[in-house]
1. Output the relative contact order of segment B:344-412, whole-number percent, from Cα pairs under 8 angstrom with separation of 6+ residues.
2. Could you order peptides A:288-297, A:205-214, B:306-315, A:224-233 by the average number of other Cβ atoms within 10 Å of their residues, highest first?
3. Amide H of residue A:67: which non-local residues (sequence gap of 5 or more, or other chain) have their own amide H closer than 5 Å, using H built in the peptide plane?
4. Determine the shielding of peptide A:301-312 by partner chains: average, over its residues, the number of Cβ atoms on other chains within 10 angstrom of each Cβ.
5. At 7 Å along the Cα-to-beta-carbon direction for both residue A:150 and residue A:226, put a label point, then send me their distance in nm to one decimal.
6. Report, ordered by chain and residue number, the aspartates and glutamates lying within cross-link reach of residue A:152, taken as a straight Cα distance under 18 Å and ignoring same-chain residues fewer than 8 apart.
7. Straight-line reach only, C-alpha to C-alpha below 22 angstrom: list the lysines that residue A:139 could link to, leaving out same-chain residues fewer than 8 apart.
8. If the cut-off is 23 Å between C-alpha atoms, which lysines fall inside it for residue A:30, apart from same-chain ones fewer than 8 positions away?
Amino acid sequence: MTSKKKRIKDNLITYGIVIALYIVMEILLKTGNLSSHLKGLLVPMTYYAIIAVALNLCVGILGELSIGHCGFMCIGAFASAIFSKLTADTLPDGIRLFIAFIIGIAVAALFGFLIGIPVLRLKGDYLAIVTLAFGEIIKNVINAVYMGVDSKGVHFSLNNVMDLGMEPDGQVIINGAMGITGTPRTANFTIAIVVLLLSLFVVLNLMNSRDGRAIMAVRDNSIAAEASGINVTGYKMMAFTISAAIAGAAGVLFSHNITSLTATSQYFGYNASIMILVYVVLGGIGNIRGSVIAAAILYLLPEMLRGLNTYRMLIYSIVLIVMMLFNWAPAAIEWREKVVNRFVKRNA
Amino acid sequence: MRKFKSVMSVVAATALFAGTLAGCGGSSNTSDAPATEESKAEETTEAAEGEAPAANSGATFKIGSIGPLTGGAAAYGNAVVNSVELAVAEINAAGGINGYQVEMKGEDDELNAEKSVNAYNSLKDWGMQFLVGATTSACSLAVSDYTHEDNMFQLTPSASAADCVSYDNVFRVCFSDPNQGLASAQYIAGHSLGTKIAVIYDSSDPYSSGVYQTFAQEAANQGLEIVSAEAFTADSKTDFSVQLQKAKDAEADLLFLPIYYTEASLILTQANTMGYAPTFFGVDGMDGILTVENFDTSLAEGLMLLTPFAADATDDLTVNYVKNYSDKYGETPNQFGADAYDAVYVIKQCLEEAGATPDMSVSDLCDVMKSTIVKITAKGLTSDVMTWDASGEPNKEPKAVVIQNGAYVSVE
């Protein structure tokens, strides 16, 4: 099998898994066999898969460790939620959500670009620390911002709502730590899956393109890549911006799936970013399909363990360790290969 | 290796499907057969499991509760869920509601609105008919969107943000943030406790900044002068010397602290070290300050707070509740628990008033509750007289207490 055919087959398997999951879920949904608990998990599961894909582009393909990716998700979420809240009564749902996606993605990409300019001059651990700091800054800034809109235009304040000095007809959009409440809940599983497929399409095609090969060359040896005439900074910026844009799309889904959006550390702090990194590492760095599967399983796991109450935290951590060992410990890999070989031989 | 990877991905995908299918299994039979395995989960009260009278063929009222049971805010969620459990056990021991036993189940939301919605959906699968929750504002707000869609009756014990009760099926037991800020400003002005006021609040916490906002607005109307308003955030809540120094430099004679007691205890200690002794004034989050470990409670002497509940009140209801709670869970309950305890009894009173039965649909029960709760007058731990109007806000009197000799004393 030629490498091209193999690659296409590989990509098709990835899309196939997502589409199969979607079809199974839709059938269950339509026939009323899906518990409401699981129904509620579908959209979050999908946007975590999307941001895992985004982070894998940054960590696995570009080779730069980012531990502030939830910051981009936060930007996408707030930018789109502001738009949706402002136009809640004027635009029909579908068009509003579509424009919200464009805005969320564009703003996140813009920030990715701006952050990338200074940050991508750093390497390795330094980059990780700066992205970490960036994620925290975003969260803290949004927590401090008050924004309102009235007939005179947009008002900002960093102190409190009273300082906005709004007309009585004004509407407070961002209420400091209370965030944005009342964003129309328009995201659904179908839209989420379409966005996931689109981001998979973008990332997988990028990987197999001329640009993607250049990006991976930069990852493997930036000096050699530069010597062969590859614009290292340019390609780094490109990958980082695309990654931020996809994270922004995940943010749009996030803010349109929940009515109270707050920039707190549970969603956008470094713990959340590390959780996404766990999805990526566990699914395999550079393995996009793995990220999707790992994100889906690891998001569902603690929810499925609800019956165990507080023990689920403990079990979740143990499962993480076991999965990591099973996937990546040399002894475990050897043992797995032995088992597979025996299995294959018996069938042969 | 490549082959193995594809094998693994197929296995993983299968596991995923298997997991999801397993999750679906219980959904179809929860609504009318409460004796499924799920309903016997650990949080279900023992009384409900053991003593369900056979005459009712197992029909029970099902009350769900949501709160942060793990993490930094676990104290609040556990107080709520434990108190619901306690109230349900008491009701069952006394014969249930309209002769039907009551079951309860508490779910963890980790102070995360997203998880709170998951918890709600999971409770719905269990067959919940009434929600006592969610404990915190942001979570309750997110959940209320779903309860509204399902027309499920939601009575939140402690979600105080103004927007939390914007839907007609959501009511609350506690005061709203705006009410607390308003009442505090009016109380301070009405009793001339101070003229120059300093405020220290947590800008990263909706509760704290919500109270502060209305306090500041009302203070202006009442002729109070806010000479210093300093914020801190959840990431920097150990050292308050800067904020205190500013308050001291501005010669504030009253320090308003719309924050939780853990930080307040630090502020009191640090103010004492600085030799700064204004009147301290808190809101209901301050309740619990006397139980902080390693805190010199003599520093809290003269601290005033507006709170609906004081654990050392001497009326029979409070004494019983505090005794039973500490016997069962080994700690003194706080106002979150008291609100939740009241919430369960409010639901009971409404159901009895309307003569509702558990075989009614969730939506019908919600309609019954909505129309009944505005008619009843409840008496509970947090107020002797509580009434509701259709807006979802409770009408009750705020109680001001002052700490004297290490105990709350009511002031008039």
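Bear in mind these aren't lab numbers, they're just calculated from the coordinates by the rules spelled out. Not measured: the values here are computed from a predicted model. Note that we place each Cβ from the backbone using ideal geometry, even for glycine, and neighbour counts take in every protein chain shown.
1. About 19 percent, as a whole number.
2. Packing order, densest peptide first, comes out as A:288-297, B:306-315, A:205-214, A:224-233.
3. Distant-sequence amide H within range of residue A:67: A:131, A:132.
4. Details: counts 1, 4, 7, 5, 0, 9, 7, 2, 8, 5, 1, 2.
So the per-residue partner count for this stretch is 4.
5. Calculated label separation equals 5.5 nm.
6. Within reach: A:163, A:167, A:169.
7. Correct list for residue A:139: A:85, B:115, B:237.
8. Residue A:30 reaches A:39, B:124.
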